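Please read the structure below before turning to the comments.
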Amino acid sequence: MANPRMMEGSKRRRRKNDRIDAGKLARSGRVDPKSLYPIRHRSSQVRADLLVLRARDALVASRTELINTVRALVKTMGARLCSCSSEAFSKKAEMEIPTEFRETLQPLMRLIARLNDEIKSYDQKIEQLASKKYKHTQLLRQVTGVGPITALAYVLTLETPLRFANSRDVGPYLGLVPKQEDSGDSQPQLGISKAGDQMLRKLLVGSAQYILGPFGPDTDLRRFGMKLCERGGKNAKKRAVVAVARKLAVLLHRLWVSGEVYVPLGHASFARTAQAVAA
């Protein structure tokens, strides 16, 4: 199965139809099969389990949109709602809505509460899948900031750790590396390629933001990201988050392949040991 996104487009061709496309694919495959950038399909069971994560992601997006809508509508009437978590919004914000608008916004608040219940139900299903069917997700959850949702999404998206001979190949596969359009001396700095699974990439970035946030523990990943932040610049924090997400993707694959016990400060302890030996 060829990957159409990686092959040459048909913009410069004056004639395009299914017969011409099939002939071009056949000639490309005969000359060099790798030029087709073959795609590996997931099994039906993995796709079915991945559907649970995607359905939950859709509910979370709907809840976020409804919460933002309620806040915006209340703000247009000269009031503001308190800052709270999405799970507590339906209870805390309902009492702060002005009385004259409460009846109008009540259906939206009921929808948000219903979405919270459905999301909790999906969370329970995900926890069961991770703990019973995909027990190797426990290896990935050793890293603080990686929960059952991120671990299960990672395992289901990659399906098998043997898919990559080198753990560093996971970063480009998930679109966490910069795009390249170099030509001669021109080497422009571009954004990440955003290839691969969007949901998993978003989850890894969320885990990286937690690691670099105020509640993140002291780990090698956090120290690596904080050093990038110290460089300054307009987008230093954003680049650090993406870099930590890429490093996290590599680390999770390594833990999955080797089954090792995660050491949060492995490089620091290795450096202290080396210094002691040298002394």
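Some observations on this one:
- Quarter of the Cα convex hull surface for the chain, i.e. its orientation-mean projected area (nm²): 23.3 nm²
- Stokes-Einstein D for the range 143-272, Kirkwood Rh over Cα pairs, 20 °C, 1.002 mPa s (µm²/s): 138 µm²/s
- Across Ser207, Ser83, Ser183, mean-square fluctuation computed from a Gaussian network of the chain (C-alpha pairs under 10 Å connected) peaks at Ser183.
- Integer Hz, Karplus 6.51/-1.76/1.60 couplings in order for the range 180-197, x for Gly and Pro: 10, 9, 6, 8, x, 7, 7, 9, x, 8, 10, x, 5, 6, 6, 7, x, 6
- Rotationally averaged projected area of the range 52-107 (alpha carbon convex hull; nm²): 4.0 nm²
- What a 1.4 Å probe finds exposed on the chain is 53% carbon and sulfur by accessible area, rounded to a whole percent.
- Near the amide H of Ile192, within less than 5 Å, lie the amide hydrogens of Lys179, all on another chain or at least 5 residues away, with H placed in the peptide plane.
- The chain: relative contact order as a whole-number percent, Cα under 8 Å and 6+ apart: 15 percent
- From helices alone, the chain scores -20000 deg cm²/dmol at 222 nm; the rule is -39500 (n - 2.57) for each run of n ≥ 4 DSSP H residues, then divide by the residue total.
- Fluctuation leader among His41, His253, His136 - the chain, Gaussian network, Cα springs under 10 angstrom: His41
- Label zone at Asp123, where the point sits 7 Å out along the Cα-to-Cβ direction: the range 206-227 residues whose backbone N lies under 12 Å: none
- Helix runs (DSSP H) in the chain reaching 27 Å along axis by Cα, Kyte-Doolittle at least 0.0: 44-76, 236-258
- Of Leu251, Leu162, Leu212, the one that fluctuates the most in a GNM where the chain has Cα springs shorter than 10 Å: Leu162
- Contact order for the range 139-215, expressed relative to its length and based on alpha carbon pairs under 8 Å spaced 6+ residues apart, stands at 31 percent.
- Cross-link pairs exceeding 22 Å between alpha carbons, from the set Lys133/Lys202; Lys179/Lys237; Lys202/Lys237; Lys24/Lys194; Lys91/Lys238; Lys227/Lys247: Lys133/Lys202; Lys24/Lys194; Lys91/Lys238.
- The range 62-189 - Kirkwood radius from inverse mean 1/r over Cα pairs (Å): 18.7 Å
The values are calculated or read from the model by the stated rules, or taken from the named source; none is laboratory data. Because the structure is a prediction, the values reported are computed rather than measured. No Cβ is skipped: glycine too gets one built from the backbone with ideal geometry, and neighbour counts run over all protein chains shown. Note: accessible area is taken over every heavy atom of the protein model, side chains too, but ligands, DNA and RNA are not part of it. Shrake-Rupley method; radii C 1.70, N 1.55, O 1.52, S 1.80 Å.
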